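Right, one structure below, let's go through it.
The values are calculated or read from the model by the stated rules, or taken from the named source; none is laboratory data. Since we're looking at a predicted model, the values are computed, not measured. Glycine also receives a Cβ, built like all others from the backbone with ideal geometry; neighbour counts cover every protein chain displayed. We work out accessible area using only protein heavy atoms, side chains counted, and drop any ligands, DNA or RNA first. Shrake-Rupley method; radii C 1.70, N 1.55, O 1.52, S 1.80 Å.
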Amino acid sequence: MADTAIQASATTATPVAPGTADALTKLGQLRDTLRPIPRRRRLEKEPASWRVNSLRIGVIVVVVAFWEIGATLGWIDPFFWSQPSRIFKTAIITIQNGDLWVNARFTFGSTIAGFLIGVIGGVAIGLSFWWSRTYALVAEPMVIAFEAMPKLALAPIIVLVLGIGISSKIAMAVAIVIVIQILNTYTAVRAVDKDLVTLLYSLGASKWQVFQKVVFPSVIPWVISSLRIAIGLALTGAVVGEYIGSREGLGRMIQYAGSTYDIALIWVGVFTLAFLSALLYVVVAVLERWLRKGVVHS
């Protein structure tokens, strides 16, 4: 009876499709070759800030000490590279006679003015592209062409038109910053949620209401995230303008020092620019943090 039942069940079993057995065999072989996924390593602990700062200071001290000793022993040519003690004495002289303060204030003022005008103007132009698709399509290639153009080539024209005062330096900073802000804002405008815009239109919202409630708030985080880049570009534009022609500014001071072979004064200008750049970066980072809390999260 049992044999009869087994034979009956075998005859009533579901037939296996041709090739299925081979596929199952290959799947089993593949499973045997797979290795268990190793557990993810524990994330490395963030180093303490005092330790990081100590290492930074240590690296600077070692570089300065090597530079000073190398210049004293003749390993480094002090005529081309100067030496830290001589740079320090030159810095003290420029601080005492007020030159360093006057030039740093000039560069700082032109950088801040160019940064503000470039960011506000670029955001306004970028937002204007949302109002007309035709206007955006016509203007976009021109903006990209202006972005690809080397701004250094425009510097002599700008200095000739606006003079060697602070106006031409602000214009150079604006020329570099504004294009980046236009393209960044336009990218943000195109990334606005189209379904949300369509929903508001279907509920009877006007175009101004859509812009005010959806487009503008969506663009703000993009603008805030680009401020640190913009401040560096503004400083670059201001210094380039001072190189071409100026009565004041750190760029003018470095250009003058180079023409008189005063290498120590060049380094004073370079280090002051580095300090000014770091200071502006910190200020913009604080501004960015404040805007994210006050505008984005409100």
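This table checks each residue for (1) farther than 30 Å from SER128 by Cα; (2) within 16 Å of the chain's Cα centre (by Cα); (3) not basic (Lys, Arg).
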position: LEU203; (1), (2), (3): no, no, yes
position: LEU235; (1), (2), (3): no, yes, yes
position: PHE275; (1), (2), (3): yes, no, yes
position: LEU291; (1), (2), (3): no, no, yes
Query raised in the report: Does the range 53-81 hold any residues that are under 21 Å from ILE266 (Cα atoms) and more than 33 Å from the chain's Cα centre (by Cα), and which are they?
Result: GLU68, ILE69, GLY70, ALA71, THR72, GLY74, TRP75, ILE76, ASP77, PRO78, PHE79
Query raised in the report: Scanning for something among the β-branched types (Val, Ile, Thr), open to solvent by 30 Å² or more (accessible area, probe 1.4 Å), in the same structural domain as SER226 (by the TED database) and not in a helix (DSSP H, G or I), does the range 158-166 turn up at least one residue?
Result: yes
Requested in this report: Could you pull out the residue among VAL192, VAL210, VAL214 that is surrounded by 17 or more Cβ atoms within 10 Å (Cβ to Cβ) and not in a helix (DSSP H, G or I)?
Outcome: VAL192
Query - Residues within the range 113-147 that are open to solvent by less than 80 Å² (accessible area, probe 1.4 Å), without any contact (Cβ under 8 Å) to a residue 60 or more places away in the chain and part of a helix (DSSP H, G or I), tallied - result: 10
Query raised in the report: So VAL284 clears everything in (1) open to solvent by less than 20 Å² (accessible area, probe 1.4 Å); (2) at pLDDT below 90; (3) closer than 16 Å to ARG105 by Cα except one condition, right? Which one?
Result: (3)
Report summary line: Per the list (1) basic (Lys, Arg); (2) surrounded by fewer than 14 Cβ atoms within 10 Å (Cβ to Cβ); (3) under 18 Å from GLY249 (Cβ atoms), residue check on LYS169 breaks on (2)
Query raised in the report: Taking the condition farther than 30 Å from VAL179 by Cβ and touching a residue at least 40 places away in the same chain (Cβ under 8 Å), does SER82 pass?
Result: yes
Report task. Return a yes/no flag: does the range 262-282 have any residue that is without any contact (Cβ under 8 Å) to a residue 12 or more places away in the chain, farther than 30 Å from PRO78 by Cβ, in a helix (DSSP H, G or I) and assigned by the TED database to the domain that holds LEU116. Result -> yes
Query - All positions within the range 73-112 that are open to solvent by less than 30 Å² (accessible area, probe 1.4 Å) and over 30 Å from GLY165 (Cβ atoms) - result: SER82, GLN83, PRO84
Query - Candidates ALA264, ALA274, filtered to the one that is out of contact with any Asp or Glu (no Cβ under 7 Å at 6 or more places or on another chain) and open to solvent by less than 10 Å² (accessible area, probe 1.4 Å) - result: ALA264
Requested in this report: Using the structure shown, decide if GLU248 is in a helix (DSSP H, G or I) and either in contact with a Ser or Thr (Cβ under 9 Å, 6 or more places away or on another chain) or at pLDDT 90 or above (or both).
Outcome: no
